[in-house]
1. Using the Cα gyration tensor of the range 104-238, with a ≥ b ≥ c the square roots of its eigenvalues, what is the shape: rounded (a/c below 1.5), prolate (a/b larger than b/c) or oblate (neither)?
2. What FRET efficiency, computed as 1/(1 + (r/R0)^6) with R0 = 35 Å and r the Cβ-Cβ distance, is obtained for LEU272 and HIS163, rounded to the nearest 0.05?
3. With the Cα gyration tensor of the range 1-83 giving a ≥ b ≥ c as the square roots of its eigenvalues, does the rule (a/c under 1.5 for rounded; else a/b larger than b/c for prolate; else oblate) give rounded, prolate or oblate?
4. Of LYS16/LYS221; LYS82/LYS120; LYS57/LYS120, which sit over 25 Å apart, Cα to Cα?
5. Would you please give the residues with an amide H less than 5 Å from that of ARG33, counting only those at least 5 places away or on a separate chain, with H modeled from the backbone geometry?
6. Give the calculated FRET efficiency between ARG172 and THR28 to the nearest 0.05, with a Förster radius of 41 Å applied to their Cβ-Cβ distance.
7. If I stretch the segment between ASP262 and HIS144 completely, what's the gain in nm (0.36 nm per residue apart, minus their alpha carbon distance), one decimal?
8. Could you tell me whether the range 135-175 comes out rounded, prolate or oblate from its Cα gyration tensor? Rule is a ≥ b ≥ c as square roots of the eigenvalues, rounded for a/c under 1.5, then prolate if a/b exceeds b/c, otherwise oblate.
Amino acid sequence: MTDRFCVFGNPVAHSKSPRIHAEFARLTGQDMRYEARLAARDDFAVSLASFFSAGGKGCNITVPFKEEAWRLAAVRSRRAEKAGAVNTLLQGKDGRLYGDNTDGIGLVRDLQLNAAYALKDRRVLVLGAGGAVRGILSPLLAEHTKSVVVVNRTVEKARQLAHMFQAEGTIRSSDFAGLTGETFDLVINGTSASLQGELPPVPAGVLAADALAYDMMYGAKPTVFLQWAAEHGAATRDGLGMLVEQAAEAFFIWRQVRPPTDSVLALQRAELVKN
């Protein structure tokens, strides 16, 4: 019998997850079907229960339901606990929902595997202090970065995040003005500014001579942040690889098979440029 999986979101029609997981299934010989499901913003719990009661095996969760999924999960992984959000659910043999968050490990694996970028001893600057950033801090710190600085327009939010993760490595908060005079090896844009075509107010001087600028957003063309970074001599990378790698981790959680990602990432990139 074909196992059923899906991604819940609102909106969700744009999701690349069905195409990605179809490729993973084909490459690994898994008998499964994956679809996008639109859930009403005030009816997610009912939609989720209906999916699993009808035989669904697992699902991904995208905006705006990740925090609600966290609350609905009976058992949460350590990284989901730290992220405060769940993007992957599995119904266990005991009938309970197991929640995980694969976003952070997706970013780390994209950097390490696809970009051949070692994180150990790197000075990392993370722009933003929302849920997306909270999900990546623990996996970043686990790679023994030299330091992580979280910067945000509302510095209190950055301070709260830094305090939350202080036991996991060297991490502190700042406002944008406080970055003057500092340089970083890796600058990660975790703000939503790219969606509006805006540039976070980060000073150009923060980019080290061989810096890498990473935007968690992606598109057919470089984001404003990546354009700015390239103009100031940095190497650049968008978040498409993160999307594929976090999906691969979810696939592994469900199927206990780790799919290859290089060809899937290349396919997604080609389709993104074509469209």
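No value in this document is a laboratory result; all are computed from the given coordinates. For clarity, every value in this text was computed on a predicted model and none was experimentally measured. Please note: Cβ atoms are built from the backbone with ideal geometry, for glycine as well, and neighbour counts cover all protein chains shown.
1. The shape class here is rounded.
2. Given R0 = 35 Å and the Cβ-Cβ separation, E is 0.40.
3. It comes out prolate by the Cα gyration axes.
4. As for pairs spanning more than 25 Å Cα to Cα, those are LYS57/LYS120.
5. Distant-sequence amide H within range of ARG33: ASP3, ARG4, PHE5.
6. On the way: r = 42 Å, r/R0 = 1.02.
Plugging the Cβ-Cβ distance into 1/(1 + (r/R0)^6) gives 0.45.
7. 39.9 nm
8. Judged from the Cα gyration tensor, the range 135-175 comes out prolate (a/c at least 1.5, a/b above b/c).
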